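Presented below is the structure to which this report refers.
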Amino acid sequence: MIDDDAPLIYLMAGEASGDVLGAGLMRALRIRTDGRVRFAGLGGDTMAAEGLDSLFPISEMAVMGIVEILPKAPMLLRRVWQTADDAWARRPAAVVSIDSKAFTMRVQKILHRRRAKAGGEGPKLIHWVPPTVWAWRPGRAKAIARHLDHLMTLFPFEPPYFEAHGLETTFVGHPAAGQPAGNGAAFRGRFRLPKGAPVLGVMPGSRPGEVRRLLPVFREVVARLAGRYQSLQVVIPTVPLVAEAIREETRSWRAPVTVVEDPRYKYDAFAACTVALAASGTVTLELTLAGVPTVVAYRVNAVSAAIARRLIDPEAIVLTNKLLGRRVIPQFIQEDCTPDRLTVAVERLFDDPRARAEQGAASEAVRRLLTADGEAPSMRAADTVLRVAGVVA
């Protein structure tokens, strides 16, 4: 049993990815303190399995888009104040918010104001996974720096953006660097893919809008490839939210399609792929780390595209390219995202061993860039939290 004098770390994670990071941080903090640490705050099932009694279900915050958010705005605002009140009342050594910036940064701002009114007495305020200021709206770095004591980042190129505004920042590493190697042969056997058949991995995104925009384009690419590669197989690792829509859309494709939504087979599916055609996002980084030669595509509606051109750095769209400082992975965005161009790029990867080898060589380079001093991100994050909080491990 943990005594009441053990330091309390207050954690806030508002979505599934943050919940996973939070659970890893809890485990690492226990290791570093020999179990002499307490937790409170907000998290999901993974953090609950580590012993966190969440203040309320984080599913309440799973809303995206203005139309969806507006009806729930009063409830979300109440939850912000409820979380801030709870964190302040518990007098933790530190409050660590993880991603979910629209929610967690509002809580941190309230706590920062309260601490100022208390003459500086109060918890240290730490955030993990900052907004992508390196891709768009860099001015957000200055705003965030006003309300935090420390920031932890996933990517090595992020700290300078925030340090320029006086915010102490630590690169702790990206958890994807530790992703397991998949078993392609086991996947092919389990899902009865013909031995030796070329396999195209198709990843159209995890949001309904992405899937609706990209799958029709990907369908045309597959139709063209199927005419050239007679035994072509298509594998689509996806998530439950869009799995049924993908199954419905791909029933009439010209090549056999295997849709897999069980996360246990995700990395095996990657390992089974000869080439991948993927929407821009974290999956492109995962594919690089898995050594899968990849072509990246993305489309948004015309209004969003017009705005994005003014705000987004095109060289930051594909994380692998951003990390390496060059376009290793071909990317086709908006008007360049056409069946003709994508087909040519995918065919090159199928047919040219040197093109595949170039991307394969990028895999280990990216893994090294995503690892800080050879430590797991959760352990480095735990060390940072304890240091900033002034807790002696």
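The values are calculated or read from the model by the stated rules, or taken from the named source; none is laboratory data. Note that the structure is a prediction, hence the values are computed from the model and not measured. Neighbour counts are summed over all protein chains in view; Cβ atoms, including those assigned to glycine, are modelled from backbone coordinates with ideal geometry.
Before moving on, here are some points about what is shown:
- Apart from one condition, A376 fits all of (1) outside the structural domain of L200 (by TED's automatic domain parsing); (2) modelled with pLDDT under 90; the exception is (2).
- Tabulated pairs, region 247-272, first over 17 Å from R219 (Cα atoms), second part of a helix (DSSP H, G or I) and of a type in the set (A, V, I, L, M, F, W, C), C-beta under 6 angstrom, 6+ apart or interchain: V260/A269; E261/A243; D268/A186; D268/F187; A269/F187; A272/F187
- Among the conditions (1) closer than 30 Å to K124 by Cβ; (2) not in a helix (DSSP H, G or I), M379 misses just one, which is (2).
- Residue in region 155-166 that is in contact with a His (Cβ under 9 Å, 6 or more places away or on another chain) and in a strand (DSSP E or B) present: no
- Neighbours by Cβ (under 6 Å, 6+ apart or cross-chain): first from region 201-213, at negative phi and touching a residue at least 60 places away in the same chain (Cβ under 8 Å); second of a type in the set (V, I, T) and surrounded by fewer than 16 Cβ atoms within 10 Å (Cβ to Cβ): S206/V239
- Looking across region 170-217, the residues that are part of a helix (DSSP H, G or I) and under 17 Å from F270 (Cβ atoms) come down to P175, A176, A177, G178, G184, A185, A186, F187, R188, G189, R190.
- Scan of region 1-58 for residues that are among the β-branched types (V, I, T) and farther than 21 Å from M152 by Cα, ordered by number: I2, I58
- Residue in region 360-367 that is under 26 Å from the mean Cα position of the chain (by Cα), modelled with pLDDT of 90 or more, in a loop (DSSP other than H, G, I, E, B) and within 18 Å of E158 (Cβ to Cβ) present: no
- For A226: the one exception among (1) touching a residue at least 60 places away in the same chain (Cβ under 8 Å); (2) part of a helix (DSSP H, G or I); (3) of a type in the set (A, V, I, L, M): (1)
- Among the criteria (1) crowded, with 22+ Cβ neighbours inside 10 Å; (2) farther than 30 Å from P256 by Cα; (3) not small (G, A, S), the one M203 does not fulfil is (2).
- When residues of region 76-112 are limited to those that are in contact with a Pro (Cβ under 6 Å, 6 or more places away or on another chain) and not small (G, A, S), the one modelled with the lowest pLDDT: K101
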